[in-house]
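First comes the structure, then the notes that go with it.
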Amino acid sequence: QVQLVESGGGLVQPGGSLRLSCAASGSIFSINAMGWYRQAPGKKRELVATITRSSRTNYADSVKGRFTISRDNAKNTVFLQMNSLKPEDTAVYYCNADDVVTAMGRYDDCWGQGTQVTVSS
C-alpha cells in the first residue's frame, strides 16, 4: 500500500505563511499526480492544487498567486507553500497521490491523514 505522511500545518496570522509537506512511501516507482485538497468544517472537500510528475500545475482560483505547489520526485514528496494566508484558508489540508506505481501494484486516489491549517488573528 501507499502511505502519505503530512507535516507543516498549524496556526498562523492572516497574511502569514505556512509550508506543507507530504511524503509518500511504499516501494514507490512513480507517482503521476500529487496534490493538496482542503476541507473546512461543514464544507465539502475542494481542490487546492495539483502537480504532475512533469511539474504541470493546476490551482484553484482562490489560491492562485498565493500558493505554490512543488514536488521532489526523487523523494516522492509534494509541498505546498502558502503565502498571504486568509481566514478562509482555514481547513484540514489533505495530501493526495494519484496513479501510484509500487512494487506491489498500482494505486489511485491515495490520501494522507490531513493536517490542520488555521488562519486567525
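With respect to the conditions (1) polar (S, T, N, Q); (2) open to solvent by less than 20 Å² (accessible area, probe 1.4 Å); (3) in contact with a Ser or Thr (Cβ under 7 Å, 6 or more places away or on another chain), Asn83 lacks only one, and its number is (2).
Only one residue in Arg38, Arg19 is touching a strand residue (DSSP E or B) at 6+ places or on another chain (Cβ under 9 Å) and open to solvent by 70 Å² or more (accessible area, probe 1.4 Å), so which one is that?
Numbers: Arg38 fails: open to solvent by 70 Å² or more (accessible area, probe 1.4 Å).
Arg19 is the lone residue from the list that is touching a strand residue (DSSP E or B) at 6+ places or on another chain (Cβ under 9 Å) and open to solvent by 70 Å² or more (accessible area, probe 1.4 Å).
In the condition set (1) free of Cβ contacts under 8 Å to residues at least 60 places away in the same chain; (2) open to solvent by less than 40 Å² (accessible area, probe 1.4 Å), Asp61 is compliant with all but (2).
Selection of the stretch 49-63 for residues being closer than 16 Å to Cys110 by Cα and modelled with pLDDT of 95 or more yields Ala49, Thr50, Ile51, Thr52.
Any idea which residue in the stretch 102-114 is nearest to the chain's Cα centre (by Cα), counting only those that are under 20 Å from Arg53 (Cβ atoms) and open to solvent by 40 Å² or more (accessible area, probe 1.4 Å)?
This residue is Trp111.
For the stretch 25-35, filtered to residues that are modelled with pLDDT of 95 or more and among the small types (Gly, Ala, Ser), the residue that is most open to solvent (accessible area, probe 1.4 Å) is Ala33. Exactly one residue out of Lys75, Lys64 is over 21 Å from Ser17 (Cβ atoms) and not hydrophobic (A, V, I, L, M, F, W, C): that is Lys75.
The values are calculated or read from the model by the stated rules, or taken from the named source; none is laboratory data. No experiment lies behind these values; they were computed from the predicted model shown. Cβ atoms come from the backbone with ideal geometry, glycine included; neighbour counts cover every protein chain shown. We work out accessible area using only protein heavy atoms, side chains counted, and drop any ligands, DNA or RNA first. Shrake-Rupley method; radii C 1.70, N 1.55, O 1.52, S 1.80 Å.
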